[in-house]
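The values are calculated or read from the model by the stated rules, or taken from the named source; none is laboratory data. Keep in mind that this is a model prediction, so the values were computed, not measured. Cβ placement follows ideal geometry from the backbone for every residue including glycine, while neighbour counts extend to all protein chains displayed.
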C-alpha cells in the first residue's frame, strides 16, 4: 500500500525558493531535497532507492510539521509532533493504521533528519528519542533493515575523528560476529579487493567478508591512523582473555545500537548487523547456500533462521 501520510510539498517563497519550518525567520536550508540527500550520502552511503525513500519521508515530515501542526521553527518540534506523523493513518479514501514496518521506517527518517540537524548545530534535540514502537518480528534476533543500518552508520562515531567503533560496525556489515571481531588484524583487510579475512570461531567458518561502500571508506580511515604491525588487532585495544575481547567487541556494536535508538528493540541484537548482510546476499542471489557461505555457517537451517527466512513460504519469518 502506498504511504500517503503528510504528502505535502515544501511551500515556495520568492523566486520559488523552497522553505519549511524556519529558524530565525529564515528558510531552513536542509529542507532542500538535494541537501538532505547529501547529508544521507555523507553519513550513511545508502542505496539510491533507500536514499530517495528516506528523503521523501523527511520532506513529508517537514510539511506535516509546518502545514499540519503550525510549527514555525524546528526547535519547536516535539515528541508529540513526531508521534503524530509516525503513527498517522496510511492509505487513500479510507485511512488505516500504518503497518509496523511503515511506522519504523518513518521513525528512522525523522531520527536521521534530526541527527543531521544536530550535527549542523541547527537543533539540540531528537523528538523520536523516547518513541517506542511494537517489535518488527517475533524473532529473538532479526536482520536490521536498510534504514536501520543507515541509522547505525550515522551514530557510530561518538566524537569527530573516532574510527574504532565505525570500523567495528563496518566489519559487522561484512558478517563478522562479536566473537570474531577482536581477532581481525590490520593485514586481514584488503581495501583494493573490498574484502576482509574473517578467521571464524567455534561456530563459524573462516571466510572472506565483503565490504560495503561505506565499509571500505571507514576501514581506510581506520588503517590510516593505525601505527601497529600488520598482525596488530584492527579494532581491539588490550591483551585480555577471549571472553573480555568478545565483551569489548559486543560493547562496540551495542553502544552504536543504543545511540541509534535501536537497543530497546526486543528483536535487535549485535548479530542483527551480520544478519542484515546475510539477508542482502539472499536478495542478490536467491540462494540460501550462498547466504550460509557468506555468513560462515555450516547449517542451512541456522542460516535461514538468522536472516529470518522461512523455508516453507520463501518469505520472511513473522
Kindly evaluate residue 275 against the criterion of being at pLDDT 95 or above, buried (at least 21 other Cβ atoms within 10 Å of the Cβ) and closer than 15 Å to residue 177 by Cβ. yes
Please pick out the residue among 153, 111 that is modelled with pLDDT of 90 or more and in the same structural domain as residue 81 (by TED's automatic domain parsing). 111
Selection over the stretch 189-201 where residues are assigned to a strand (DSSP E or B), under 21 Å from residue 290 (Cβ atoms) and touching a helix residue (DSSP H, G or I) at 6+ places or on another chain (Cβ under 7 Å) yields a count of 3
Quick one: would you say residue 177 is within 24 Å of residue 253 (Cβ to Cβ), surrounded by fewer than 23 Cβ atoms within 10 Å (Cβ to Cβ), in contact with a helix residue (DSSP H, G or I) (Cβ under 9 Å, 6 or more places away or on another chain) and assigned by TED's automatic domain parsing to the domain that holds residue 218? no
Looking only at the stretch 65-88, filter to residues that are modelled with pLDDT of 90 or more and farther than 16 Å from residue 117 by Cβ; which one of those is surrounded by the fewest Cβ atoms within 10 Å (Cβ to Cβ)? 80
Filter the stretch 138-156 for residues that are part of a loop (DSSP other than H, G, I, E, B) and within 8 Å of the chain's Cα centre (by Cα); which is surrounded by the most Cβ atoms within 10 Å (Cβ to Cβ)? 144
Among 264, 296, which is within 23 Å of residue 186 (Cα to Cα), touching a residue at least 24 places away in the same chain (Cβ under 8 Å) and outside the structural domain of residue 114 (by TED's automatic domain parsing)? 296
Out of the residues in the stretch 112-137 meeting the condition of being in a helix (DSSP H, G or I) and under 15 Å from residue 61 (Cβ atoms), tell me which one is farthest from the chain's Cα centre (by Cα). 117
Would you confirm whether or not the stretch 101-109 contains a residue that is under 19 Å from the mean Cα position of the chain (by Cα), assigned to a helix (DSSP H, G or I) and surrounded by fewer than 18 Cβ atoms within 10 Å (Cβ to Cβ)? yes
I'm trying to understand the selection: among the residues of the stretch 124-137, which are within 21 Å of residue 81 (Cα to Cα) and crowded, with 21+ Cβ neighbours inside 10 Å? 127, 128
Regarding residue 171, is this residue buried (at least 23 other Cβ atoms within 10 Å of the Cβ), assigned by TED's automatic domain parsing to the domain that holds residue 150 and over 25 Å from residue 306 (Cα atoms)? no
